[in-house]
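> Please find one structure pasted underneath; my questions will follow.
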Amino acid sequence: ALRGSVAQFAQPRGPNLMRRTEALDAWCRLRAAHGVWQYARALDGAPAPESSVREEGGDASAGSRGVNFASQDYLSLASHPAVHEAARAALLEAGPHSAGSAVLLGNSRLSLALEQALGALLGCEHVTLFPTGWGAAFGAITALVHARDYVLVDQLAHASLRQGANAATRNVVLHRHLDTGHVRELLAAIRARDTENGILVVTEGLFSMDADCPDLPLMQHLCREYNATLLVDVAHDLGALGPNGSGSLGLQGMLGKVDLVMGAFSKTFASNGGFVASASHAVKRQLQLFAGPHLFSNALSPVQAACVLEALRIVESSEGEGLRDALLRNAMALRANLAETGMRCIGVPSAIVPLWIGNEQVARLAGRTLAREGVFVNAVEYPGVPLGAARLRLQVMAGHRPAQLRQGARMIGAAVSGAGAALGVEPARQPWPRE
Ligand code: PMP
């Protein structure tokens with residue numbers, strides 16, 4: 001059950017579209033019977049530093065209560081009383097349902113106020129909301145890029161960005177992770193033969209699986225030099241990093257200076273939804289009328305919009321500053337605790353603490369052991385990351401306590417060493433080659 005990868009089932013063969021899904025199902029059932037199946041876990045109660053998790057269709061012994069490093073609630077705002085109160089007030093004011101897409105009366109007082117407030121934080125006046133962060137990424141790229149245009153995407157960019165690029169044009173090139181030299185080379189090569197069509201360069205403010213950041217001023221400079229457009233996904237850093245929660249853009253002095261900013265409310269802002277922001281009203285118009293997930297999908301519900309608005313107010317307040325300090329302290333403590341057990345984390349201190357494993361089987365076995373022992377982590381492998389680049393992705397919250405970080409790290413260290421020893425795999429020392 002520990003062997004193989006979902007990659008082998010990505011393109012099943014056979015004339016019957018439904019029957020050919022059965023091999024994957026059989027493989028998943030086998031894994032579930034051995035407790036190596038994380039896709040059927042469910043939280044009982046709120047995402048919190050200590051949570052109860054139910055394992056459905058899997059190992060009965062795995063359902064338990066324990067330290068939670070698998071939820072994305074970076075500033076612990078999902079349990080903030082003011083966010084709950086805002087949700088209750090919105091429910092009374094406007095009900096639970098947007099009842100239409102933004103162009104069909106789906107906007108509310110709350111969603112319009114949210115657009116304004118986000119624009120003010122980002123220094124980008126024109127904000128368009130989407131029902132999910134995924135839709136914002138996919139919608140922005142497919143609305144702006146045509147078949148003759150080019151998209152240069154960081155090789156580790158989120159699936160929503162890569163899938164949006166592939167849906168928009170066949171001219172998609174993956175550039176080496178964070179490698180501005182490679183971006184320059186690719187831009188120069190395209191512009192040497194084509195000055196007629198557009199180029200979109202896509203990166204993230206904080207990479208979701210590697211917790212590292214690009215040089216945003218240089219990326220934007222290169223885009224200007226080659227008449228290209230930069231899109232930065234700030235899903236994981238906005239709110240959780242930087243002055244006033246302004247994320248990587250604020251940290252790198254780039255507020256209001258990046259062509260297109262997109263993000264998600266699903267990590268720090270205690271809700272679902274996404275946005276695209278820019279200084280251009282014309283771009284907003286294009287998105288409103290051509291971004292499928294905005295145009296053809298119901299708008300954020302009033303309750304979602306109210307939660308994000310209240311979360312944003314907290315993010316920008318001195319309370320938010322304190323929560324970000326706590327989050328960063330926790331991230332650094334978890335990294336230090338893991339280092340003491342001989343484990344290797346990659347990336348920079350942030351809510352994402354990726355523990356490099358490499359070998360998928362080791363990650364699966366360690367993940368299973370930890371779930372049984374009451375430490376919840378996401379063992380991430382293909383298609384979340386490339387083959388051979390498995391990791392335990394830990395996500396820290398402002399609300400984690402030092403004892404949880406110490407105990408969690410100790411158990412994680414033991415589980416990874418134990419899994420490596422059981423499978424006869426040397427612990428990974430090197431992250432996968434970047435080439
Ligand atoms: N961008 C990045 C970098 C992400 O990690 C995610 C989701 N994890 C998304 C976009 C999509 O956001 P959502 O889950 O809100 O749809």
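Every number here is computed from the coordinates shown, using simple stated rules; none is lab data. Keep in mind that what you see is a predicted model, and the values were worked out from it rather than measured. Here Cβ is always computed from backbone atoms with ideal geometry, including for glycine, and neighbour counts include all displayed protein chains.
> Using a 7 Å offset from the Cα along the Cα-to-Cβ direction at both Arg170 and Arg13, what is the distance between the two label points in nm, to one decimal?
Once both label points are built, they end up 2.4 nm from each other.
> Hey, got a sec? Which chymotrypsin sites (Phe, Trp or Tyr not before Pro) in segment 291-385 land in a DSSP loop and have at most 13 other Cβ atoms within 10 Å? Provide the component values of the computation, followed by the final result.
On the way: sites: Phe296, Trp356, Phe376; in loops: Phe296.
When the chymotrypsin sites (Phe, Trp or Tyr not before Pro) of segment 291-385 are filtered for loop state and at most 13 Cβ neighbours within 10 Å, Phe296 remain.
> Now a separate question. Could I have the simple spin-label model distance between Arg410 and Ala113, label points 7 Å from Cα toward Cβ, reported in nm to one decimal?
Label at Arg410, label at Ala113, 4.7 nm between them.
> Of the listed peptides 105-112, 410-417, what is their order by residue-averaged count of other C-beta atoms within 10 Å, with the highest listed first? Before the final figure, lay out the partial values.
Working: 105-112: 18.6, 410-417: 20.4.
Descending packing order for the listed peptides: 410-417, 105-112.
> Tell me, what is the percent relative contact order of the chain, built from C-alpha pairs under 8 Å that lie six or more residues apart? Intermediate results must be reported in sequence, preceding the final value.
Details: 911 pairs, mean separation 89.1, N = 435.
In percent, rounded to a whole number, it is 20.
> Give the separation of the Cα centroids, segment 350-429 to segment 151-224, in Å.
Here the two parts' Cα centres lie 30 Å apart.
> Sticking with this structure for a sec: About its Cα centre, what dipole magnitude does the chain give when the only charges are +1 on Lys and Arg Cβ and -1 on Asp and Glu Cβ, stated in debye to the nearest 20? Mind dumping the intermediate values first?
Numbers: 38 positive and 37 negative charges, 183 e Å.
With Lys and Arg at +1 and Asp and Glu at -1, about 880 debye.
> Distance from a point 7 Å along Cα→Cβ of Met332 to each backbone N in segment 229-251: keep the residues under 16 Å and list them by number.
241-243
> Please report, to two decimal places, log10 I(q)/I(0) for segment 80-316 at q = 0.08 Å⁻¹ as given by the Debye formula with identical point scatterers on the Cα atoms and no solvent.
-0.28
> Ok, one more. List the residues, sorted by chain then number, that are 5 or more residues from His175 or on another chain and whose placed amide H is less than 5 Å from its amide H.
Val153, Asp154, Gln155
> Using per-residue counts of other Cβ atoms within 10 Å, averaged over each peptide, order 300-311, 136-147, 183-194 from highest down.
Details: 300-311: 26.2, 136-147: 24.2, 183-194: 15.5.
Ranking the peptides 300-311, 136-147, 183-194 by packing returns 300-311, 136-147, 183-194.
> Next up: Could you tell me what fraction of 2.2 N^0.38 Å the Cα radius of gyration of the chain comes to, as a two-decimal ratio? Spell out each step's value before the answer.
Numbers: Rg = 21.7 Å, N = 435, 2.2 N^0.38 = 22.1 Å.
The value comes to 0.98.
> Shifting gears a bit: Count neighbours as other Cβ atoms within 10 Å of each site's Cβ, and list the GluC sites (Glu not before Pro) in segment 337-406 that are DSSP loop with at most 14 such neighbours.
Listed in order of number, the matching sites amount to none.
> Show me the ranking of peptides 387-393, 4-10, 16-22, 258-264 by mean Cβ neighbours inside 10 Å, starting with the highest.
Working: 387-393: 22.0, 4-10: 13.9, 16-22: 10.4, 258-264: 26.7.
Output ranking for 387-393, 4-10, 16-22, 258-264: 258-264, 387-393, 4-10, 16-22.
> Now for a different question. Please report, for the Cα atoms of segment 233-319, the Rg to one decimal and the Dmax as a whole number; what are they, in angstrom?
Reported Rg and Dmax, both Å: 13.5, 39.
> Rounded to a whole number of µm²/s, how large is the Stokes-Einstein D of segment 66-128 at 20 °C and 1.002 mPa s, given Rh as the Kirkwood radius over C-alpha pairs? Walk me through the intermediate numbers first.
Details: Rh = 14.2 Å.
For these conditions, the coefficient is 151 µm²/s.
> What FRET efficiency do you get for Glu373 and Ala82 if R0 is 45 Å and r is their Cβ-Cβ distance, rounded to the nearest 0.05? All intermediate terms of the calculation are to be shown ahead of the outcome.
Numbers: r = 35 Å, r/R0 = 0.77.
The formula returns an efficiency of 0.80 here.
> Checking understanding here: applying a Kyte-Doolittle mean of at least -0.5 and a length along the axis of at least 18 Å (C-alpha), which whole DSSP H helices in the chain pass? Please report the intermediate quantities before stating the final value.
On the way: long enough: 81-94 (19 Å, 0.45); 109-122 (20 Å, 1.11); 180-193 (20 Å, 0.03); 302-316 (21 Å, 1.07); 318-340 (33 Å, -0.27); 360-373 (20 Å, -0.56); 402-423 (31 Å, 0.49).
Sorted by number, the helices that extend far enough and score high enough are 81-94, 109-122, 180-193, 302-316, 318-340, 402-423.
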